[in-house]
2 protein chains.
Amino acid sequence: MRCRVCGGEAVVRLEYANLRLCGKHFVEFFERRVLRTVERYGMLRGGQRVAVAVSGGKDSVSLLHALWKLRERLGVELVGVTIDLGIRGYSEEYVGVAVENFERLGVPYRVVRLADYGFTIDDAAERLRRPVCSVCGAVKRYLLNRVARELGANVVATGHTLDDFLSVLLQAYIRGDLELLSKHKPYLPPADGLVARAKPLAETPESDTLTYARILGLRFTERKCPYAGKAVSADYKAALNLLEERHPGIKFQMLRSFLDRVQPRVAAGAGAELKRCEVCGEPSSSRVCQFCRFRAQLAGEHLRLARAT
Amino acid sequence: MRCRVCGGEAVVRLEYANLRLCGKHFVEFFERRVLRTVERYGMLRGGQRVAVAVSGGKDSVSLLHALWKLRERLGVELVGVTIDLGIRGYSEEYVGVAVENFERLGVPYRVVRLADYGFTIDDAAERLRRPVCSVCGAVKRYLLNRVARELGANVVATGHTLDDFLSVLLQAYIRGDLELLSKHKPYLPPADGLVARAKPLAETPESDTLTYARILGLRFTERKCPYAGKAVSADYKAALNLLEERHPGIKFQMLRSFLDRVQPRVAAGAGAELKRCEVCGEPSSSRVCQFCRFRAQLAGEHLRLARAT
């Protein structure tokens with residue numbers, strides 16, 4: 001098996017592109033694709049400060065390294081953010097891994113502790129009657145936005161891969177969620193109170209981030225979140241992987257046809273208004289934002305807030 | 001395991017409805033659902049003649065029997081149609097099975113031979129540079145429409161199940177096929193030259209037709225079409241089955257959310273015009289219909305028709 005670029009021994013075989021590459025040329029290929037994604041969706045502009053959200057897993061660690069290598073070409077400044085969600089026996093490890101990566105690259109960073117806001121994901125799992133993954137997702141979006149603004153960042157970059165993007169898309173298709181179909185995008189421009197959000201790996205299959213991290217010898221954690229067994233996204237990813245295995249390239253096709261054709265059609269006529277949360281002042285689609293509702297419920301303020309919303 | 005209706009021994013367990021039923025009450029459940037589907041979409045009206053397309057497989061044989069048992073209640077008259085596609089070592093068997101079912105029920109029928117129109121699916125597989133399943137699908141739609149009209153039928157009923165419906169839907173989502181998303185429906189009313197088409201099993205999972213046919217001891221063929229190994233629909237069905245296994249009921253959710261929300265949004269602004277084929281006069285979306293193009297190509301008239309279309 002020979003590298004298509006240099007003829008040296010290939011270590012990677014990409015079925016979707018019918019491409020074999022050696023380690024060096026795979027790394028180039030990977031980073032060029034990140035650059036192309038950033039450019040295609042206008043995610044970053046020169047002079048911007050980019051808050052890179054790192055969970056310590058292969059995806060966000062690969063993103064951090066790729067953006068760090070591309071930072072001069074893009075003309076951007078990076079700042080790292082990692083959120084200690086307060087998941088016992090799990091958060092300590094990934095926060096440590098994230099910090100190790102920030103320090104190794106000399107990227108300034110902030111560790112945000114959910115506990116400082118009055119609760120943890122362990123509390124939410126135990127006491128809120130909601131799927132914990134949806135609570136966690138809302139909490140991360142909230143804190144990343146708030147902290148990025150505090151850090152003076154213009155955009156939050158997350159490690160969501162093609163597989164993450166498509167598993168949300170497939171769920172939206174199956175649920176007929178027109179609002180999600182209208183606004184699910186690799187890049188969301190800044191809106192009133194919302195820092196821009198970019199997914200520079202939206203065109204990168206998850207399997208490639210693992211390869212990238214291994215070839216570069218990056219330090220990342222493979223430990224699964226103790227609540228991840230309940231994550232439905234894994235089922236949707238498995239269904240998509242089954243199709244990809246039999247039809248290499250189908251994931252890219254699904255992304256392109258959605259963004260180029262389905263979304264423009266569905267989005268015509270949609271549009272939910274953003275308000276401000278009456279408790280914390282952050283952007284919210286309801287009178288009191290989800291984050292404040294979680295917090296109030298966990299503080300035992302059920303009734304008052306339930307009435308207020 | 002007890003039947004929820006009568007408390008007798010259950011032989012069927014329907015995960016999607018968390019329901020256990022004995023044979024007798026499963027059959028009632030199955031036929032009531034067919035009736036409900038027919039009524040919900042306004043598929044059949046009293047006094048109509050219904051051409052039931054039977055391929056000899058579990059789905060179409062079950063459809064034939066369910067409609068036969070419901071015919072008085074619906075006030076319709078049935079006529080059977082089976083198409084001999086000219087697939088060696090396969091067509092003989094399923095045509096025989098279809099005829100046996102028609103005769104057992106005393107349903108008048110017509111056997112349509114594709115060879116009488118100048119070619120067979122074996123010819124198409126060998127000589128046309130197109131996936132044979134797509135040729136076969138177009139051929140069946142064409143002939144069913146034409147023959148139904150000749151038989152004075154108001155509607156063609158086919159055995160497409162929930163799984164068939166959703167595998168086409170999933171493909172349409174992945175390909176971003178807005179036209180298909182706009183017009184993929186359990187019931188298509190008659191249009192200029194097109195007999196109405198109904199899928200009375202559109203809300204019936206494929207696994208239930210097998211159960212129904214077995215409980216009633218129906219004669220059907222389990223032989224797979226020799227070309228079916230190439231059918232991509234099987235891959236989409238497998239992906240959906242993986243999701244259904246982990247989330248029972250998700251198939252019904254996908255159907256409803258598509259028909260109630262996604263399709264109305266996507267269909268706004270769509271609409272391709274139907275013309276008449278210049279060769280045979282049948283409805284067609286292009287100047288010469290697919291059927292006539294297949295036929296001409298197989299007769300060696302490549303160039304003339306290629307120019308004409």
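For peptide B:172-180, how many partner chain Cβ atoms fall within 10 Å of a residue's Cβ, on average?
Numbers: counts 3, 9, 15, 8, 12, 3, 6, 0, 0.
Shielding by partners across B:172-180 averages 6.
Near B:Tyr109, the amide H atoms lying under 5 Å from its own belong to B:Gly80; only residues 5 or more places off or on other chains count, and H is placed 1.01 Å from N. Reported to the nearest whole Å, the Cα centre-to-centre distance from the stretch B:1-40 to the stretch A:24-75 is 55. Taking 24 Å as the straight-line reach from the Cα of B:Lys69, the lysines in range (excluding those fewer than 8 positions away in the same chain) are B:Lys24, B:Lys58, B:Lys199.
Per-residue Karplus couplings for the stretch B:42-52, computed as 6.51 cos²θ - 1.76 cosθ + 1.60 with θ equal to phi - 60°, are listed in order as x, 6, 10, 10, x, x, 7, 9, 10, 8, 9 Hz, Gly and Pro entered as x.
A straight Cα-to-Cα reach below 14 Å connects B:Lys183 with the aspartates and glutamates B:Asp260, B:Glu273, residues fewer than 8 places away in its own chain not being considered. Panel order for B:Lys251, A:Lys24, by other beta carbons found within 10 Å of each beta carbon, from fewest to most: A:Lys24, B:Lys251. What's the center-to-center distance, using Cα atoms, between the stretch B:201-266 and the stretch A:123-150 in Å? Measuring centre to centre over Cα atoms gives 37 Å. Rounded to 0.05, the FRET efficiency of the A:Ala191 and B:Glu273 pair, given R0 = 56 Å and the Cβ-Cβ distance, is 0.85.
Sorted from nearest, the other copies put their B:Arg71 label points 7.8 nm away, the label point being 7 Å from Cα in the direction of Cβ. Each copy carries a label point for A:Arg40 at 7 Å from Cα along the beta-carbon vector; from one copy to the others these points are 3.8 nm apart, nearest first.
Residues whose amide H lies under 5 Å from that of B:Ser284, counting only those 5 or more places away or on a different chain, are B:Lys275, B:Arg276, B:Cys277; hydrogens are built 1.01 Å from N in the peptide plane. Phi angles across the stretch B:239-252 convert, under the Karplus curve 6.51 cos²θ - 1.76 cosθ + 1.60 with θ = phi - 60°, into 3J(HN,Hα) values of 5, 5, 5, 4, 5, 4, 4, 8, 9, x, x, 5, 5, 5 Hz, Gly and Pro given as x. The amide H of A:Ala157, built 1.01 Å from its N in the peptide plane, has A:Ala51, A:Val52, A:Ala53, A:Ala198 as neighbours under 5 Å, considering only residues 5 or more places off or on other chains. The mean number of Cβ atoms from other chains found within 10 Å of a Cβ in peptide B:164-170 is 1, as a whole number.
Distances between equivalent label points of B:Pro264 across the copies, with each point positioned 7 Å along Cα→Cβ, amount to 2.5 nm, shortest listed first. The residues B:Asp164, A:Asp208, when put in order of fewest to most other Cβ atoms within 10 Å, stand as B:Asp164, A:Asp208. 3J(HN,Hα) couplings calculated from phi for the stretch A:191-196 with the Karplus curve 6.51 cos²θ - 1.76 cosθ + 1.60 (θ = phi - 60°) are, in sequence order, 10, 2, x, 9, 5, 4 Hz; Gly and Pro show x. A Förster radius of 35 Å, combined with the Cβ-Cβ distance separating B:Arg2 from B:Glu245, puts the computed FRET efficiency at roughly 0.90.
Residues of B:124-130, mean number of Cβ from any other protein chain within 10 Å of their own Cβ, rounded to a whole number? Walk me through the numbers on the way to the answer.
Values: counts 0, 0, 0, 0, 0, 0, 0.
Other-chain Cβ atoms within 10 Å of each residue's Cβ, averaged: 0.
Calculated over chain A, the projected area of the Cα convex hull averaged across directions stands at 16.4 nm².
FYI, it's all coordinate maths here, none of it is from the lab. Worth saying up front: this structure is predicted, and the values here are computed from it rather than measured. Cβ coordinates were reconstructed from backbone atoms using ideal geometry, including for glycine residues, and neighbour counts include every protein chain displayed.
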